[in-house]
């Protein structure tokens, strides 16, 4: 939800551009299979304008078979019905469209007579880089492709691009001034982006998943896909910045100032576990430390006060005195939040939200002595996830990211209805303190390579959060399981860009890309979504760990037994039959889903040999090696379809958990 001042600026600019009045006309790019338009760019266009023009032309060609010309402004031929001006041009400026008056990432879609203008701010930066703020022109082209031509980008690569066929592209007058609703939009996708930019895969990753060249192609396709869905916005150095500020401080200051850090129940400071010393939280009531933090701050950027990436807080008397009362009784679904400090043994467990809210308010007062406009960035995370209960009031100079990463009952979608309502209450509770809020969940980690997902509950929560003050969306992570969890990933990309979209409309967009098989594909994914809801509590019991996402490879065979995968396969076979007399793209998309399901089946076969263990039993090592070989051969055969982010699978889930390093070299066919 944008700041109201943003809309005031947008509306005032709309008035300057004369958006209240315009003449009726017809913009026609293609008519009955014949070109009626020329795409016009400046004589010296920016890279963004050139790329945007190329995107428009390529999608028009896919839709109609017609390749429109791209001409520079000084070379536009006479007698053209429609000129589509892309980017900053002298003609646009002559008509009063001055992009210098636009907010970042905003764009103008405006028809004048039979001509169309698509432009926003531009720069020389990489148009695909999400941190490049000058993408308005590109975003305007994508809006035209989505809204006028009904283009849908379902997953990375050509097959995931659905362009409805038509012989005519024509639209009545357009006058639109628009910008992404959320100032910051991000779905993380990790190392594959770095591979696209030159990083090398490790040998183990190459043996088990992507080859180097395919990983690079996947990274490029992912960057294109996410930019088409308008990922971007302010970078993390802005007033929506947050970080785990004090990670590593114990190693730097703990010996000299142990009193700056959290106290254990035994009265000592720091963690007992020598392997966890990087994540020692501070003693927030220590005034000497508070003043030192302010001294280290540069006085201008956002003051980052995010907690370390672990639960557990200080048990000293002063800190405990700042806490609000704990709930009685404790909600049955919040045992890790209130009862068990599983990640920080011997520290104080429970909600410390009131304590930290008071700390942030104190620090803001100190920061304002240096800068009256100071802003603070924090996490609503672990022990601070429950909303304050003492009625403490903060203000909009504090930005908090709501991180859904507590009890397993509260972390994953779908969740039990009582837990779902409780999470909504915590959002509202924090919102009522007066802070600005961003959404920073982790639930996309769930599901491994299996068809475990849902769209309705997580989508409803996203829309709820947006309605109640959400200023940004930052998801960790896009795991790239496109062929088994496609509707969930597509829904999130659409909502991050347009939070007001109807959830059922988004689902219909996805299924429409399967043409005559749409109804069967809908039935297929509804089958798995219902299976997820039916197994909310059984799956919580099966994956009885806060880090459930790391245990999917061990228990995949129990979560998705062969008979369930077989039932799903039968639905896809019926879907494939429906495509026999249709263009081949529809059958190819159904086969894409079949690839994902077959990959899930092969994974389940291997998991059954592990049967919940980290080590394969000695008498089954040869069997496990053969099953792994079969699985990896399948991956190599299909890796170019991008059915799965295979780096994510092998690096994030499997390799650290499989004790078969020697067998990998014995059984896997190398490049």
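Below, the figures for the structure above:
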item	result
Sole residue being touching a residue at least 12 places away in the same chain (Cβ under 8 Å), farther than 30 Å from residue 52 by Cα and either out of contact with any strand residue (DSSP E or B) (no Cβ under 6 Å at 6 or more places or on another chain) or surrounded by 14 or more Cβ atoms within 10 Å (Cβ to Cβ) (or both), chosen from 239, 205	205
Residue satisfying all of: in region 118-138; touching a strand residue (DSSP E or B) at 6+ places or on another chain (Cβ under 6 Å) and surrounded by fewer than 23 Cβ atoms within 10 Å (Cβ to Cβ); nearest to residue 490 (Cα to Cα) among these	130
The lone exception for residue 189 - which of (1) touching a strand residue (DSSP E or B) at 6+ places or on another chain (Cβ under 7 Å); (2) surrounded by 22 or more Cβ atoms within 10 Å (Cβ to Cβ); (3) under 22 Å from residue 440 (Cβ atoms) it fails	(1)
Residue among 48, 89 that is buried (at least 21 other Cβ atoms within 10 Å of the Cβ) and touching a strand residue (DSSP E or B) at 6+ places or on another chain (Cβ under 6 Å)	48
Yes/no for residue 339 being buried (at least 18 other Cβ atoms within 10 Å of the Cβ) and either modelled with pLDDT of 95 or more or farther than 28 Å from residue 473 by Cα (or both)	no
Index of the failed condition, residue 441 passing every other in (1) under 30 Å from residue 557 (Cβ atoms); (2) surrounded by 22 or more Cβ atoms within 10 Å (Cβ to Cβ); (3) touching a helix residue (DSSP H, G or I) at 6+ places or on another chain (Cβ under 7 Å); (4) at pLDDT 95 or above	(3)
Checking residue 165 against (1) assigned to a loop (DSSP other than H, G, I, E, B); (2) in contact with a strand residue (DSSP E or B) (Cβ under 6 Å, 6 or more places away or on another chain), the condition it does not meet	(2)
Candidate set from region 272-298 (those that are over 23 Å from residue 364 (Cβ atoms), under 34 Å from the mean Cα position of the chain (by Cα) and in contact (Cβ under 8 Å) with a residue 12 or more places away in the chain); member that is surrounded by the most Cβ atoms within 10 Å (Cβ to Cβ)	280
Sole exception among (1) within 30 Å of residue 234 (Cα to Cα); (2) free of Cβ contacts under 8 Å to residues at least 40 places away in the same chain; (3) part of a helix (DSSP H, G or I) for residue 492, by number	(2)
Residue check, residue 459 closer than 22 Å to residue 539 by Cβ, in contact (Cβ under 8 Å) with a residue 24 or more places away in the chain and in a loop (DSSP other than H, G, I, E, B)	no
Test: residue 269 is crowded, with 16+ Cβ neighbours inside 10 Å, over 30 Å from the mean Cα position of the chain (by Cα) and without any contact (Cβ under 8 Å) to a residue 24 or more places away in the chain	yes
Residues being in contact with a helix residue (DSSP H, G or I) (Cβ under 8 Å, 6 or more places away or on another chain) and part of a helix (DSSP H, G or I) - total across region 497-518	11
Residue, modelled with the lowest pLDDT, within region 380-405, restricted to residues that are out of contact with any helix residue (DSSP H, G or I) (no Cβ under 9 Å at 6 or more places or on another chain) and closer than 30 Å to residue 548 by Cα	381
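Each row is one residue, and each column tells you yes or no for (1) over 20 Å from the mean Cα position of the chain (by Cα); (2) assigned to a strand (DSSP E or B); (3) crowded, with 22+ Cβ neighbours inside 10 Å.
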position: 368; (1), (2), (3): yes, no, no
position: 372; (1), (2), (3): yes, no, no
position: 378; (1), (2), (3): no, yes, yes
position: 383; (1), (2), (3): yes, no, yes
position: 388; (1), (2), (3): yes, no, yes
position: 396; (1), (2), (3): yes, no, no
position: 409; (1), (2), (3): yes, no, yes
position: 413; (1), (2), (3): no, no, yes
position: 430; (1), (2), (3): yes, no, yes
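Matching residues to (1) closer than 30 Å to residue 435 by Cβ; (2) modelled with pLDDT of 95 or more; (3) under 17 Å from the mean Cα position of the chain (by Cα); (4) not assigned by TED's automatic domain parsing to the domain that holds residue 584:
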position	(1), (2), (3), (4)
459	yes, yes, yes, yes
463	yes, yes, yes, yes
502	yes, yes, no, yes
530	no, yes, no, no
545	no, no, no, no
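The values are calculated or read from the model by the stated rules, or taken from the named source; none is laboratory data. Just so it is clear, the structure is predicted and the values come from calculations on it, not from any experiment. Please note: Cβ atoms are built from the backbone with ideal geometry, for glycine as well, and neighbour counts cover all protein chains shown.
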